[in-house]
Amino acid sequence: MSSSAKHLVVIIDLNPFYWSDKVSSSATLNFKQYLKIIIQFCNAYVAFDINHRLTIIGCSNNETCFLYPDPTNESLIVPTVTQTNLFEQLFVIDRIVENNVKEFMQNVLPSQTSTGSMITMAVTQALCYINRLIRDAVPGEKTSYRILIIQTTPDTSKQYMNFMNAVFTSEKTNVPIDGCILNNDSSLLQQACDLTSGIYLRVPDPNGLLQYLLWLYLTDKDVRKMLALPTKVAVDYRPACFCHHKLIDTGYVCSVCLSIYCDNAATCTTCRSASDINRYLIMATEEPFHIDHTDLGDLESEQLYLEAANILQKLQSDKPSDAEWSLDDMEANIEENLQDEFVQEALTQDIDLAQYSEKIQDQLQIHEKAFVQDFIGEANNIANLHMQISSCDKILESMDHMLRNFQNNLANISNEIRHLQHYSAELNIKKKNRELVRGQLTQVVDEMVVPQSMIQIIMDMPVTERQFLEQLHELSHKIKFVKAQSFHDAIACQDVQEVLEKLRVK
């Protein structure tokens, strides 16, 4: 049975602005050591399993580049055994990555002032490359893919939308994203790893980067279940606003297109919606609202209001838009409303419709606020219900896992029973065959064997004794039987023929 291939795409942050600050410091990791550690990790990954495949993408502040594989330059590199003891493929990886990194760093424009790296572009290129590999794969071949991002520079909020779209694409195609950062924590990378079931780690000591890479990122997703992984930290889920591209804690969301803004602007720049009523306040926290990890007695009012706003937003989106109304619907609606007793009372009492409409609108707002307060009051019960449903889901999942294991055990027992039945049938056949052969062999052996009593009687007793004559007659019968069997090339006749001949001569 052939093993499935495992493909790893490593994205390396080669931003020169980060490493230029590390040149003067000798206590921390420099760029040469950083590149050497990554090459050692890639060599270990390739040598770990014959089915491992590797792709390396480098990114800087203004561009990205495929560092490996490079078929054009691979043909120009001839490994020399006398110069190195490396495996041939590892030697090629070292030289290809070193040459391409050198050429890539020479093309970095010094005039660029952006300190952020093109991580989003590299992730997009990796997903496109993986999609091409999936499309060109042989039918029936099973291949798993994984992306590892080694980042040094801080996040750039302008890449938030594009990066999250790439993360959602990776989640949909079942491609985990692992993140390893040497600088401060990256909220975008944390969200990517959490959404795609990857591993995020901020390296506490850059000098131990190789040990962390080999510990966490050398194995695939299935093997990690048996490893002692670091404690999962809270994920920073703050979004970036569409107006200034900055991470915000509190903002406003458009109910039409769900665009997020830091200020309650009059018009949405995305969908051009000009209604302030369709805006709802959102409040983001560094840790998402999970019922399983939150004490119900300590729920903040902001989180409860956020849940209420989401419900109201869903109810608002269910209302028909102006484009969905036709003239016939409007006439039918007017006729229906004229039959209402409150409308008839307003028409008979000569009430100003504009003022009456404003009064009704104020009452609607009061009832809407009351509805929000009622929802906030029941938030604990809703959260408790959600917690119970989540607990039931976990129990059902464990029961499903238990039943699957029981089914597998039953299948193994069934196979063992069939094997025992087959083995028992074989033993029964052997027993019957031996019983059939035993009767014939017993008769032949009795005819051929010369007992010790016969030898003593013939050798010691006088010829006039009756027992001597009986044994002599038996000896004659055995000699004739042996002569008859000797024509069939029976090997047993040779063992007793010499004894019978000596007794005949006597």
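The values are calculated or read from the model by the stated rules, or taken from the named source; none is laboratory data. Since the structure is predicted, the reported quantities are computational estimates derived from the model, not experimental observations. Positions of Cβ are generated from backbone atoms using ideal geometry, with glycine treated the same way; all protein chains shown enter the neighbour counts. Accessible surface is based on the protein model in full, side chains and every heavy atom, while ligands, DNA and RNA are left aside. Shrake-Rupley method; radii C 1.70, N 1.55, O 1.52, S 1.80 Å.
Per this entry, TYR200 is counted among residues that are in contact with a helix residue (DSSP H, G or I) (Cβ under 6 Å, 6 or more places away or on another chain) and surrounded by 23 or more Cβ atoms within 10 Å (Cβ to Cβ).
This table checks each residue for (1) out of contact with any His (no Cβ under 6 Å at 6 or more places or on another chain); (2) within 25 Å of LEU29 (Cα to Cα); (3) not polar (S, T, N, Q).
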site	(1), (2), (3)
ILE199	yes, yes, yes
GLY208	yes, yes, yes
TRP215	yes, yes, yes
ASP220	yes, no, yes
PRO230	yes, yes, yes
PHE242	yes, no, yes
LEU247	yes, no, yes
CYS257	yes, no, yes
ASN264	yes, no, no
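Contact map, the stretch 28-41: first residue under 18 Å from ARG95 (Cβ atoms) and of a type in the set (A, V, I, L, M), second residue in a helix (DSSP H, G or I) and open to solvent by less than 60 Å² (accessible area, probe 1.4 Å), Cβ cut-off under 6 Å, separation 6 or more or different chains; pairs are ILE37/LEU209; ILE37/LEU210; ILE39/ASP94; ILE39/VAL97. Give the stretch 408-453 a look and list any residue that's among the small types (Gly, Ala, Ser) and within 30 Å of GLN467 (Cα to Cα), or say none. Hits for the stretch 408-453 are GLY439, SER453.
Please determine, by comparing only the residues of the stretch 237-254 that are open to solvent by 20 Å² or more (accessible area, probe 1.4 Å) and of a type outside the set (A, V, I, L, M, F, W, C), which one is nearest to ALA192 (Cα to Cα). Once the filter is applied, the top-ranked residue is TYR237.
List the helices (runs of 4 or more DSSP H) that sit entirely inside the stretch 1-108 and contain at least 1 residues that are at pLDDT 90 or above.
Values: elements: 16-20, 31-48, 71-74, 88-106.
Those helices (runs of 4 or more DSSP H) span 31-48, 88-106.
Out of the residues in the stretch 255-273 that are touching a strand residue (DSSP E or B) at 6+ places or on another chain (Cβ under 6 Å), at pLDDT 80 or above and part of a loop (DSSP other than H, G, I, E, B), which is least open to solvent (accessible area, probe 1.4 Å)? Among those that are touching a strand residue (DSSP E or B) at 6+ places or on another chain (Cβ under 6 Å), at pLDDT 80 or above and part of a loop (DSSP other than H, G, I, E, B), it is CYS268.
Criterion applied to ASP194, ASP185, ASP178 was being open to solvent by 40 Å² or more (accessible area, probe 1.4 Å), without any contact (Cβ under 8 Å) to a residue 60 or more places away in the chain, touching a strand residue (DSSP E or B) at 6+ places or on another chain (Cβ under 9 Å) and under 23 Å from TYR129 (Cα atoms), and the one residue passing it is ASP194.
Take the conditions (1) outside any loop (DSSP other than H, G, I, E, B); (2) open to solvent by less than 60 Å² (accessible area, probe 1.4 Å); (3) among the basic types (Lys, Arg); LYS225 misses just one of them, which is (2).
Tell me the residue from SER453, SER390 that is open to solvent by less than 100 Å² (accessible area, probe 1.4 Å), farther than 30 Å from LYS483 by Cα, hydroxyl-bearing (Ser, Thr, Tyr) and in a helix (DSSP H, G or I), please. Talk me through it step by step, then tell me what you get.
Values: SER453 fails: farther than 30 Å from LYS483 by Cα.
None of the other options fit; the residue is SER390.
On the basis of being within 30 Å of LEU472 (Cβ to Cβ), open to solvent by less than 90 Å² (accessible area, probe 1.4 Å) and of a type in the set (Asp, Glu), does GLU447 make the cut? Yes, satisfied. When the residues of the stretch 464-506 are filtered to those that are outside any helix (DSSP H, G or I), of a type outside the set (D, E, K, R) and open to solvent by 100 Å² or more (accessible area, probe 1.4 Å), the one that is modelled with the highest pLDDT is THR464.
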